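Quick notes on the structure that follows.
Coordinate-derived values only; no laboratory data. The model shown is predicted, which means the values in this text are computed figures rather than measured ones. Don't worry about glycine lacking a Cβ; one is built from the backbone with ideal geometry, like all the others, and counts go over all protein chains shown.
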Amino acid sequence: MKHTRIAALAAISLAAALSLTACSGDGTSNDSSAKGASTPSSAGSSSSSSSDSDAKSGSSDSGGSTANDSKPDSGGQKTQAGTGSANGTAKNSNKVTFCKTEDLAIDATDAAPDETSGRINITMVNRGSTTCSATGFAGVDVKDADHTSNPIERGPAQPRVTILKPGDAAIFDLAYTIDTTGNSLTSPTNILVTPPNETHTVSLDWPASAGQIKGAYTDVQVYPTHTTK
């Protein structure tokens, strides 16, 4: 009996020890699990915070980028947003149209420098309200007493830029050799003038004091316009 009681007590003590060991292992496992669970949570919180920071940073960059982005204008060139196209404005503001016949006061005068060099000056005054260009050669025909019209050829000269503000004048001339024999083959009565780059013509009287043309109308030349300043 005594031995049986001692064995029983020993068995109970062993069972108790095993129970405590098991409890200690479970606690360690649970603590580890708890720590493991808290680690992802902490990482998630950090990631979320980082994402919020990135989102704010991205929003700020987006705003700055919008203000400084370049965008193509209608001409395909890049301009800073909100500034417009300065080049287009400059081109439009500098554009000058050709003078219209209806805006020009035109007359012809004898300007021969001597008795052998015939010259007729034709003046065109800008009576319009805007600046215009009279650059180039005017179209000129001379009408004869026999009612024929004869085109005048261009002289050997290069056109000069001729810009007329309101009230300004341009001038061009007809040049020929004066016939002093009285045997001229021409009897001019009118000068038909079409300003450069125009289609409308005005008729001017041939100056009464101008000398007779030596030869034929093919010996007369017209020169390009220039300003009187």
- If each of Ile163 and Thr189 carries a label point 7 Å out from its Cα toward its Cβ, how far apart are those two points in nm? 4.2
- Count charges around Ser203 for me, please; just the other residues with Cβ under 11 Å from its Cβ, Lys/Arg as +1, Asp/Glu as -1. -1
- Net charge (Lys, Arg +1; Asp, Glu -1) of residues whose beta-carbon lies under 15 Å from that of Met124, Met124 excluded, is -1
- Message: With a cut-off of 8 Å between alpha carbons and a minimum separation of six or more residues, what is the relative contact order of region 98-227 in percent?
- Response: 35
- On the first, second and third principal axes, largest extent first, how far apart are the outermost C-alpha atoms of region 98-227 in Å? 47, 28, 23
- Item | Counted charge near Leu185, where neighbours are those whose Cβ lies closer than 14 Å (Asp, Glu -1; Lys, Arg +1) | -3
